[in-house]
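To keep things clear, I will list the structure first and then write my remarks on it.
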Amino acid sequence: MNTRRAMSTALALVASGVLLTGCGSDPDQPTDTAATSSSSSSTSSTSSSATTPADPNAARAIQAVKGLEATSDKLYTTPSMSNGEFGAYATGDVFKQRSYSLSQARSAGEEWEGKTKVEVLTVTERSDTRQMVVACLDLTRVSATDSSGQPMDLGKRYRQEYTVDKSDGPGQDGKWRVSAEKATTEC
């Protein structure tokens, strides 16, 4: 497998190729709420160096992002798990793209191991049902090989922007899920 394919796969894992809508500055939207930083460690699939903000909606949005990345790690490293697991933390195009990328990696015979570290940088409230989460995803503990056993270059750290929406309204479950994501730069 060539480096271009490996990077494409890594970015699919990180960004899922979905464009983020509404991430530009909008004067009609509330201002940023920065998550405070402190060093912490975790035994879960993802960890964060940001504490949970006081705003419960921001905290739920962060948990959705962490849950999505932890689920992604589990699905890539455990081929027997169903891609339907993404549904607990992703919806719409993010669910579809992550499922597709996972299926492509599995059918190509890629083997993944390790865990992504999630460092939340900021949380911006857009409404009572929408939050914007910016995080740095550290892939230095993640490795992958192609079907011939050759290592894939995954890069190191990516700045990821997530739109996290609460399913609100009649017949909805009220859970927060990632609805859009975009890898912007290295961090």
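More than 30 Å from Ser80 (Cβ to Cβ), of a type outside the set (Asp, Glu) and either surrounded by 15 or more Cβ atoms within 10 Å (Cβ to Cβ) or modelled with pLDDT under 95 (or both): is that true of Gln172 in this structure?
yes
Name the single residue, out of those in the stretch 150-163 being among the charged types (D, E, K, R) and assigned to a strand (DSSP E or B), that is surrounded by the most Cβ atoms within 10 Å (Cβ to Cβ).
Here the answer is Glu161.
What are the pairs, 6+ residues apart or on separate chains, where a residue within the stretch 65-85 that is buried (at least 18 other Cβ atoms within 10 Å of the Cβ) has its Cβ under 8 Å from a residue that is modelled with pLDDT under 95 and assigned to a helix (DSSP H, G or I)?
So the pair list comes out as Ser72/Leu13; Leu75/Asn83; Tyr76/Leu13.
Hey, any hits in the stretch 151-165 for a residue that's in contact with an Asp or Glu (Cβ under 7 Å, 6 or more places away or on another chain), within 23 Å of Gly87 (Cβ to Cβ) and modelled with pLDDT under 95?
The answer is no; no qualifying residue exists.
Is it true that Thr124 is hydroxyl-bearing (Ser, Thr, Tyr) and over 20 Å from Thr184 (Cα atoms)?
No; evaluated as a whole, the condition is false for this residue.
What are the residues in the stretch 86-121 that are in contact (Cβ under 8 Å) with a residue 12 or more places away in the chain, of a type in the set (S, T, N, Q) and either over 16 Å from Ser167 (Cβ atoms) or surrounded by fewer than 15 Cβ atoms within 10 Å (Cβ to Cβ) (or both), if any?
Passing the criteria: Gln97, Ser99, Ser101, Ser103, Gln104, Thr116.
The values are calculated or read from the model by the stated rules, or taken from the named source; none is laboratory data. In this text, all values refer to a predicted model and were calculated from it rather than measured experimentally. Cβ sites come from the backbone with ideal geometry, for glycine too, and all protein chains shown count toward neighbours.
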